[in-house]
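Okay, so here's the structure we're looking at.
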Amino acid sequence: MVGDDSGPGEGGVVSPPDSRAEVAGYGRSGVVAGVAATVGFTIIHDIFISDIWDMLVVMMVAGALCGFGLAVTFRRLFAEPSLAAWWRYNLAFMAMFGLLGLVSVLVFEPVTSMEAIVAVGGPVDDLIVKALPMTLVFTGAAAAVLTRLFGRGWSDLGPILATVAVLVLFLGLNVSPIGLVDFGGDSAYLIGVMLGLIAALAVMFAVVFALLERQSLVSGAFWLNRTVG
């Protein structure tokens, strides 16, 4: 039982007194982890696919925004954050991108080929626009599902929707037009590579953040055990 001088936290659970400081700390760690994961992603992309170093600064900004959103929303949703909760949370967002690709394949018919896109050197802006209505509906639906999974109530829909929207904006727009492209005989492989790169980015982010916040994630679970014990 926690002393009377500690007020109830989110969802009726008593929260540690330094939770506001942790939110700010989580935001900083999310930014650092997002930038670090972006650099790692760029290295992997350079080794296995192509050189994208000229886009590094823009991608680092995107990584920082995504990392900040994921970290702060996580701390809002979990009054007593733990390492296990952090991995469940990130796995859910990784699964979201896979589901977005699957929905795109089920909803759309190919209107162009990968060879045609490569031949003209892109861009695929017209495909992104064509897939946009589906992308918007999916974003709302994904936020609702994640709110049911992790939220304490529908009041959490707002921050979750904002986080999903940022992730879809910077990562999902490359996934949502998949169904509009004929990848030929290598379609499964190429789609797998795309989703694999996103998964690698997500894992690097989750690992770096967990290392930065290892004390908080471990002590949070310890604190909860003592509270309910």
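The values are calculated or read from the model by the stated rules, or taken from the named source; none is laboratory data. Fair warning: this is a prediction, and the values are worked out from it, not measured in the lab. Virtual Cβ from ideal backbone geometry, glycine too; neighbours counted across all protein chains shown.
The numbered conditions (1) in a helix (DSSP H, G or I); (2) loosely packed, with under 13 Cβ neighbours inside 10 Å are all true for Phe41 except (2). Name the one entry in Gly196, Gly140, Gly192 that is in a helix (DSSP H, G or I), within 18 Å of Met59 (Cβ to Cβ) and without any contact (Cβ under 8 Å) to a residue 24 or more places away in the chain. Exactly one residue qualifies, and that residue is Gly196. Going residue by residue through region 116-127, is there one that turns out to be at pLDDT 95 or above and buried (at least 19 other Cβ atoms within 10 Å of the Cβ)? No, every residue in region 116-127 fails to be at pLDDT 95 or above and buried (at least 19 other Cβ atoms within 10 Å of the Cβ). Residues in region 152-168 that are touching a residue at least 40 places away in the same chain (Cβ under 8 Å) and assigned to a helix (DSSP H, G or I): Asp156, Pro159, Ile160, Ala162, Thr163, Val164, Val166, Leu167, Val168.
Among the residues of region 109-135, how many are aliphatic (A, V, I, L, M) and either under 24 Å from Phe74 (Cβ atoms) or part of a loop (DSSP other than H, G, I, E, B) (or both)?
Within region 109-135, the first condition is being aliphatic (A, V, I, L, M), and the residues that meet it are 111, 114, 116-120, 124, 127-129, 131-132, 134.
Restricting the remaining residues to those that are either under 24 Å from Phe74 (Cβ atoms) or part of a loop (DSSP other than H, G, I, E, B) (or both) gives 111, 120, 124.
Residues meeting the conditions: 3.
Is it fair to say Leu149 is touching a residue at least 40 places away in the same chain (Cβ under 8 Å), surrounded by fewer than 18 Cβ atoms within 10 Å (Cβ to Cβ) and farther than 18 Å from Leu195 by Cβ?
On the way: touching a residue at least 40 places away in the same chain (Cβ under 8 Å): yes; surrounded by fewer than 18 Cβ atoms within 10 Å (Cβ to Cβ): yes; farther than 18 Å from Leu195 by Cβ: yes.
Yes.
Yes/no per residue for (1) in contact (Cβ under 8 Å) with a residue 12 or more places away in the chain; (2) among the aliphatic types (A, V, I, L, M); (3) surrounded by 13 or more Cβ atoms within 10 Å (Cβ to Cβ); (4) farther than 18 Å from Leu212 by Cβ:
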residue	(1), (2), (3), (4)
Val31	yes, yes, yes, no
Val35	yes, yes, yes, no
Met59	yes, yes, yes, yes
Asn90	yes, no, yes, no
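Thr139 - would you say it is modelled with pLDDT of 90 or more, farther than 17 Å from Asn90 by Cβ and buried (at least 18 other Cβ atoms within 10 Å of the Cβ)? Yes; evaluated as a whole, the condition is true for this residue.
Filtered by the rule that a residue be in contact with a Lys or Arg (Cβ under 9 Å, 6 or more places away or on another chain) and part of a loop (DSSP other than H, G, I, E, B), region 56-85 gives Ala79, Pro81.
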